[in-house]
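**Student:** Got a structure here, written out as structure tokens. Questions coming.
The values are calculated or read from the model by the stated rules, or taken from the named source; none is laboratory data. Here the structure is a predicted model, which means the values were calculated and not measured. Positions of Cβ are generated from backbone atoms using ideal geometry, with glycine treated the same way; all protein chains shown enter the neighbour counts. Just so you know, the surface numbers come from the protein's heavy atoms only, side chains and all, with ligands and any DNA or RNA stripped out. Shrake-Rupley method; radii C 1.70, N 1.55, O 1.52, S 1.80 Å.
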Amino acid sequence: DRSLEVPSEPIAIPSQTRRKGLSAIINHLLDRKVEKIKNDDDDSSDSDDSDDSDDDEDKLDSIPFDFILVGEKDNNKLLRTGIETAARRYGLSLEESIEIVYFPAQEAPTVSGEGEPIPDWISAIQIVSSQQPVVVATAGYDGSLRLHCSNNTNVLETIVCNKVHDGPIKCLATTTIASNDDSSYLLATGSLDQSLMTHRYYNDSKTLQGHAKYVNGHTSTITSVNFSPQQQNSSLMSGDWNGSLCVWNTTSTENNEVEEVPANKKRKALKNGESKSSSTTTTIHPSSKISDAHSSQISGIAWMNNNNKCAVTGSW
């Protein structure tokens, strides 16, 4: 935004100037209102303050800025100390001009509403549908998978709460199921009980059903999971506490078993209004596995954009 550009000629400022002081200088150069910075050395009287406010009446409001010191080494850290302290940290000499990059600061987030209290720790959270009304999934240490929907008052209301694991859920991932409509989603959960499962959520009916369970892959806690970005061949990658990595084909039916559950046992009531849903689910075996992908737990998985054959994993 060229309207926020200031002259590039060097100016002399105190070496202890911090972010707020620099913001005041930039706003002054832009002929905007300057917020008064209160400190221990401020001896200005109230009458001076009123005079300043009268002079600034016709000016545009001040803008808070963030700053980065430019040096020989790449630096992308925001200035949060005085200029002298930051310059010494990055090996810059105060006897020469120091280039400082500025840009409008991001406003701090504000709370727009609170959801219903959840009886246990939340271990993971994902956006299921970003279309209005927004649907958010949370995984809990009580082994429950919850779906929340935003209402007109920006409060998240719990619409589904299913007990899907016997142990705490450690990771969660979501993806849209490739179909004629976008109202069906697949959610994957990994647990401390060493189980990995997928669940299908129907947005139209607000229901969550078991989709598949994944076996013969992990022998320790599932710590990370992620779907591939390609919906037409939805691969699922999972990592565990021991550093093992597995890839699964969520749409595969080859060599898979189907577990049938009698109709009269499809729903079991639990405490706190939760339910344990059971339905016809598929048992899927890994399409590939690396037992020693890392020497410790796999803490993160990211697929390369639009690439179903390459992913990046991180470990402790």
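**Student:** Condition first: under 12 Å from Leu245 (Cβ atoms), open to solvent by 40 Å² or more (accessible area, probe 1.4 Å), free of Cβ contacts under 8 Å to residues at least 60 places away in the same chain and not acidic (Asp, Glu). Now tell me which residues in region 288-316 satisfy that.
**Tutor:** Ser288, Ile290, Ser291, His294, Val312
**Student:** Would a scan of region 81-91 turn up a residue that is assigned to a loop (DSSP other than H, G, I, E, B), in contact (Cβ under 8 Å) with a residue 60 or more places away in the chain and touching an Asp or Glu at 6+ places or on another chain (Cβ under 7 Å)?
**Tutor:** The answer is no, given that none of the residues of region 81-91 is assigned to a loop (DSSP other than H, G, I, E, B), in contact (Cβ under 8 Å) with a residue 60 or more places away in the chain and touching an Asp or Glu at 6+ places or on another chain (Cβ under 7 Å).
**Student:** Would it be correct to say that Ser183 is of a type in the set (Gly, Ala, Ser), more than 18 Å from Pro119 (Cβ to Cβ) and touching an Asp or Glu at 6+ places or on another chain (Cβ under 7 Å)?
**Tutor:** Answer is yes for this residue.
**Student:** If you take the residues in region 234-251 that are open to solvent by 50 Å² or more (accessible area, probe 1.4 Å) and not β-branched (Val, Ile, Thr), which one is nearest to Asn162 (Cα to Cα)?
**Tutor:** Applying the filter and picking the extreme gives Trp241.
**Student:** Give the residue that is least open to solvent (accessible area, probe 1.4 Å), with candidates limited to residues of region 92-110 that are touching a residue at least 12 places away in the same chain (Cβ under 8 Å) and touching a helix residue (DSSP H, G or I) at 6+ places or on another chain (Cβ under 9 Å).
**Tutor:** Out of the qualifying residues, it is Ala105.
**Student:** Taking region 111-144, which residues are outside any loop (DSSP other than H, G, I, E, B), within 19 Å of Asp204 (Cβ to Cβ) and hydrophobic (A, V, I, L, M, F, W, C)?
**Tutor:** If the condition is that a residue be outside any loop (DSSP other than H, G, I, E, B), within 19 Å of Asp204 (Cβ to Cβ) and hydrophobic (A, V, I, L, M, F, W, C), then Ile127, Val128, Val135, Val136, Ala137 are the ones that fit.
**Student:** Among the residues of region 221-233, what is the count of those that are open to solvent by less than 10 Å² (accessible area, probe 1.4 Å) and either closer than 19 Å to Asp166 by Cβ or over 21 Å from the mean Cα position of the chain (by Cα) (or both)?
**Tutor:** Counting residues in region 221-233 that are open to solvent by less than 10 Å² (accessible area, probe 1.4 Å) and either closer than 19 Å to Asp166 by Cβ or over 21 Å from the mean Cα position of the chain (by Cα) (or both) gives 1.
**Student:** Search region 137-158 for residues being crowded, with 16+ Cβ neighbours inside 10 Å and of a type in the set (A, V, I, L, M, F, W, C), and hand back the single one that is modelled with the lowest pLDDT.
**Tutor:** Here the residue is Leu156.
**Student:** Related question: Cβ-Cβ below 7 Å, separation at least six or inter-chain, first residue in region 152-177 and in contact (Cβ under 8 Å) with a residue 24 or more places away in the chain, second basic (Lys, Arg) and open to solvent by 40 Å² or more (accessible area, probe 1.4 Å): which pairs?
**Tutor:** Taking only residues 6 or more apart or on different chains, the pairs are Ile159/Lys206; Val160/Lys206; Asn162/Lys276; Lys163/Lys276.
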